[in-house]
Amino acid sequence: MVRAGEVMEKGRGAAGNPPNRFEQLHAEPFEVDVPYDDDRPPVKTVFLDDRSKSILAKNDSPDIPFTYSLNPYRGCEHGCIYCYARPSHEYLGFSAGLDFESRIMVKRSAPLLLRQELLSPRWVPQVVEMCGNTDCYQPVERVLRLTRGCLEVFLELRNPVAMITKNALVTRDIDLLASLARDRLVHVALSITTLDEKLARIMEPRTSSPRRRLEAVRMLSAAGVPTSVAVAPVIPGLTDEEIPSILREAAGHGASSATYSVLRLPGAVEGLFSSWIIRALPDRANKILERVRAMHAGSLSDSRFGKRMRGEGSVASVIEDLFSLTAKKLGLASPRGELDASKFIKSSSPQLDFFGDRRS
């Protein structure tokens, strides 16, 4: 339901902060002058130090194809209204709403912590997923360069890494990505939900435009970096009809493969998305929400392994068939190539200067 007085903030996805399930957290902010692509949103972003002692998170979900992930940032200024990661901010004492977009926890020691963990005798070389939760190329990365620092570590130690992002800023690091690609150590995915620039601007307000993401696919592919497109999430009644056009554009820009997942709305995201769709697209809201429920056994939220990202029933089947047939026709149906963990080395070289000038 839309709460009285709710308005959409410029440059933000959520209209407010729903109640947090947990205790509040005290944290001290620090100043970062971020060069934004567009006007800074009225709700100012606050950056907070995250002094975690480790950087690799272990996953044991049976429908997630990786064991370890790395997130230099917690919270995401991209502000995608549908983001499944929003409830994770509640564990930090924040709200899944505007706080998720404007209270960003920053792991400024991420590259150093990564190097320490990869050099541990306990580490078994394997693919690490960057952005298992929030986007590692959100706007503040332009200044802090933590993702680039982590890529330098992966390259130094020859440990494979896979990445997914909605930000064309990934092309800044083509030099490192191309070097990793030469040893089959990297795969990059660009997430593209819609080609409609106006819809993207209100649904995922601070991401790169769909056009710029496609251009990033072209640039990465031309540099020899294996690049795929993730049509994610597919929103039935809103973006599902765009699947063929997104895949055609992906193939035309050099993508080697494509994947998809359907919309799911865990925890507080259910209320946030429902309020947003009623405000943003009132004429289509009921149809969209009913189709989402049809995919998830009558619920907007679905936590069932094997079902949550694909759905079930006739609506989910139509999406699966449309995606599969189109991807096969365009040569995008093959799974991404395996990355090579056999080249891993235990480096004894001096520690890289992660916090100095890393221009290249």
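Brief remarks on what is shown
Here's the yes/no breakdown for (1) under 15 Å from the mean Cα position of the chain (by Cα); (2) modelled with pLDDT under 95:
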{"site": "G132", "(1), (2)": "yes, yes"}
{"site": "Y137", "(1), (2)": "yes, no"}
{"site": "V140", "(1), (2)": "yes, no"}
{"site": "R145", "(1), (2)": "no, no"}
{"site": "L155", "(1), (2)": "no, no"}
{"site": "A162", "(1), (2)": "yes, no"}
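- If you go through region 206-227 and keep only what is outside any helix (DSSP H, G or I) and surrounded by 22 or more Cβ atoms within 10 Å (Cβ to Cβ), you end up with R206, T207, S208, V225, T227.
- For region 323-360, filtering for residues that are at pLDDT 90 or above, closer than 30 Å to G254 by Cα and in a loop (DSSP other than H, G, I, E, B) leaves 12.
- Tally, over region 39-86, of residues that are over 27 Å from P210 (Cα atoms), assigned to a loop (DSSP other than H, G, I, E, B) and not small (G, A, S): 9
- Residues that are buried (at least 22 other Cβ atoms within 10 Å of the Cβ), touching a residue at least 24 places away in the same chain (Cβ under 8 Å) and among the β-branched types (V, I, T) number at least 1 in the following helices (runs of 4 or more DSSP H) confined to region 87-203: 146-157.
- Residues in region 243-282 that are without any contact (Cβ under 8 Å) to a residue 60 or more places away in the chain and more than 22 Å from L220 (Cβ to Cβ) were compared, and the one that is surrounded by the most Cβ atoms within 10 Å (Cβ to Cβ) is V262.
The values are calculated or read from the model by the stated rules, or taken from the named source; none is laboratory data. What you are looking at is a predicted structure, and each value in this text was computed from that prediction instead of being measured. Note: ideal-geometry Cβ built from the backbone for every residue, glycine included; neighbour counts use all protein chains shown.
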